Amino acid sequence: MPGPSTVLVTGAAGFIGSHTCVELLEHGHEVVLVDNYSNSSPEAVERIAKVAGRPPAAVYEADLLDRRALGEVFEGHSFDAVIHFAAKKAVGESVALPVEYYDTNVGGTTALLRAMRDHGVHRLVFSSSCSIYGDATKVPLTESDPARPTNPYATTKWLCEQVLHDVCRRLPEFSVLALRYFNPVGAHSSGLLGEVPRGVPDNVLPYIAQVAAGRLDRLRIFGDDYPTPDGTGVRDYIHVMDVAQGHRVALDHLDDERGMRVLNLGTGRGTSVRQLVTAFSDTCGTPIPFEIVARRPGDVAELVADPTAVAQAWGWTAERELTSMVDDAWRFQLLNPSGYAN
Ligand code: UDP
């Protein structure tokens with residue numbers, strides 16, 4: 001159903017959610033934001049409105065597991081589609097807190113599906129992850145490659161996909177696009193929106209940015225004995241604005257066919273941790289100090305997307321290069337040394 005629509009975005013104040021809200025607002029959609037701010041802040045919502053030049057239709061502080069609060073969100077609006085980001089996302093934390101991960105990620109998704117079904121909303125874009133491919137035996141990865149989750153976070157995403165398959169089999173009025181993104185990084189080019197990790201960053205690019213800014217003393221590279229060209233882990237980094245654009249374009253393709261479809265969102269290009277360090281050093285003008293330490297439990301050698309399916313389905317590809325991912329991440333770090341707090 002191409003054209004402006006009213007979209008519910010869960011986890012809207014988070015890294016990918018906030019950039020996607022900007023993309024939707026800039027393309028004329030009415031956007032209703034829901035977030036429990038467990039890993040984000042209301043300041044992100046202020047920034048969304050500032051960057052997009054107009055406010056969202058409504059903002060709710062609510063947890064998806066709060067059935068009454070979620071019911072009120074659905075009763076207050078007539079949604080054409082839902083984009084579901086709200087989830088916990090740290091691999092290491094998921095190993096330590098599996099119950100919380102299954103509760104939030106799987107329970108949050110079934111709570112949302114219940115509300116959608118009960119209110120006659122049947123179009124969903126779901127935030128999935130390349131982590132479900134696990135320890136891949138080959139790259140690039142296509143959507144038909146087997147799922148081998150290696151940690152609870154990845155398993156929650158894979159389980160949600162199975163739930164969505166089952167819902168679509170039973171309820172043919174549903175159309176669902178699960179987007180398996182690879183490694184979203186970067187920031188909005190305005191420098192107003194970006195990734196704001198709580199505490200010490202888990203992910204490599206925000207970590208490097210804080211080393212470059214002098215907030216952390218050096219990067220610890222988790223292993224240089226992987227079977228990759230320089231021994232460090234290889235990932236398919238994708239600019240967060242490409243991921244945001246991918247969600248906006250997905251809305252236009254929800255009705256291409258009914259049922260459940262799974263698509264990779266990646267660039268098809270792999271970058272090693274060492275290459276990332278070099279790229280960031282070039283951008284910020286000083287070498288990034290690092291040391292090689294042991295592999296991180298649950299990590300895999302290489303994850304790179306085969307982005308052919310999405311290109312064929314939508315005529316769309318992620319276009320932003322690594323240099324713009326790094327430039328934008330560095331600009332955001334410089335302008336927001338303490339995240340959204342300043
Ligand atoms: N990595 C690293 N040091 C860090 C964080 C990550 O060397 O402080 C490596 C990690 O081993 C992987 C890559 O950077 O090869 C990407 O990790 P990240 O946590 O950003 O994303 P993931 O692929 O685990 O989702």
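The values are calculated or read from the model by the stated rules, or taken from the named source; none is laboratory data. Owing to the predicted nature of the structure, the values given are computational and were not obtained by experimental measurement. No Cβ is skipped: glycine too gets one built from the backbone with ideal geometry, and neighbour counts run over all protein chains shown. SASA here: full protein model, heavy atoms, side chains in, ligands and nucleic acids out. Shrake-Rupley method; radii C 1.70, N 1.55, O 1.52, S 1.80 Å.
In region 227-239, how many residues are in contact with a Lys or Arg (Cβ under 7 Å, 6 or more places away or on another chain), within 12 Å of the ligand (Cβ to nearest atom) and not acidic (Asp, Glu)?
1
Can you pull out the residues in region 3-18 that are open to solvent by 10 Å² or more (accessible area, probe 1.4 Å) and among the β-branched types (Val, Ile, Thr)?
Result: Thr6, Ile16.
Can you tell me which residue among Arg320, Arg274, Arg331, Arg296 is modelled with pLDDT under 95 and open to solvent by 40 Å² or more (accessible area, probe 1.4 Å)?
Arg296
Taking only region 19-56 into account, find how many residues are open to solvent by 60 Å² or more (accessible area, probe 1.4 Å) and under 14 Å from Val82 (Cβ atoms).
1
Of all helices (runs of 4 or more DSSP H) completely enclosed by region 240-342, which ones contain at least 1 residues that are out of contact with any Ser or Thr (no Cβ under 7 Å at 6 or more places or on another chain) and within 16 Å of the ligand (Cβ to nearest atom)?
Values: elements: 240-253, 273-284, 308-314, 322-335.
Answer list for region 240-342: 240-253, 273-284, 322-335.
Determine whether region 213-220 contains at least one residue that is open to solvent by 40 Å² or more (accessible area, probe 1.4 Å), outside any helix (DSSP H, G or I), among the charged types (D, E, K, R) and within 8 Å of the ligand (Cβ to nearest atom). Break it down stepwise before answering.
To start, the set of residues in region 213-220 that are open to solvent by 40 Å² or more (accessible area, probe 1.4 Å) comprises 213-215, 217-218, 220.
Filter once more, so that each one left must be outside any helix (DSSP H, G or I): 213-215, 217-218, 220.
Subset that is among the charged types (D, E, K, R): 215, 217-218, 220.
Keeping just the survivors that are within 8 Å of the ligand (Cβ to nearest atom) gives 220.
Checked region 213-220: at least one residue is open to solvent by 40 Å² or more (accessible area, probe 1.4 Å), outside any helix (DSSP H, G or I), among the charged types (D, E, K, R) and within 8 Å of the ligand (Cβ to nearest atom).
Based on what the data block shows, is Asp224 modelled with pLDDT under 95, within 13 Å of the ligand (Cβ to nearest atom), part of a loop (DSSP other than H, G, I, E, B) and in contact with a Gly (Cβ under 9 Å, 6 or more places away or on another chain)?
No: the conditions fail for Asp224.
Starting from region 259-280, keep only residues that are under 27 Å from Arg123 (Cβ atoms) and hydroxyl-bearing (Ser, Thr, Tyr), then list their pairs with residues that are within 14 Å of the ligand (Cβ to nearest atom) and assigned to a loop (DSSP other than H, G, I, E, B) whose Cβ atoms are within a distance under 7 Å, requiring at least 6 positions of separation or different chains.
Note: pairs meeting the criteria are Thr267/Asp236.
Taking region 170-208 as the region of interest, how many residues are away from the ligand (no atom under 16 Å from the Cβ), in a loop (DSSP other than H, G, I, E, B) and open to solvent by 30 Å² or more (accessible area, probe 1.4 Å)?
6
Return only the number of the condition from (1) open to solvent by less than 60 Å² (accessible area, probe 1.4 Å); (2) free of Cβ contacts under 8 Å to residues at least 12 places away in the same chain; (3) not polar (S, T, N, Q) that Pro287 does not satisfy.
Going through (1) open to solvent by less than 60 Å² (accessible area, probe 1.4 Å); (2) free of Cβ contacts under 8 Å to residues at least 12 places away in the same chain; (3) not polar (S, T, N, Q) one by one, Pro287 breaks only (1).
Go through (1) over 23 Å from Pro197 (Cβ atoms); (2) open to solvent by 50 Å² or more (accessible area, probe 1.4 Å); (3) in contact (Cβ under 8 Å) with a residue 40 or more places away in the chain; (4) charged (D, E, K, R) one by one and return the number of the condition Arg68 breaks.
Arg68 satisfies all of (1) over 23 Å from Pro197 (Cβ atoms); (2) open to solvent by 50 Å² or more (accessible area, probe 1.4 Å); (3) in contact (Cβ under 8 Å) with a residue 40 or more places away in the chain; (4) charged (D, E, K, R) except (3).
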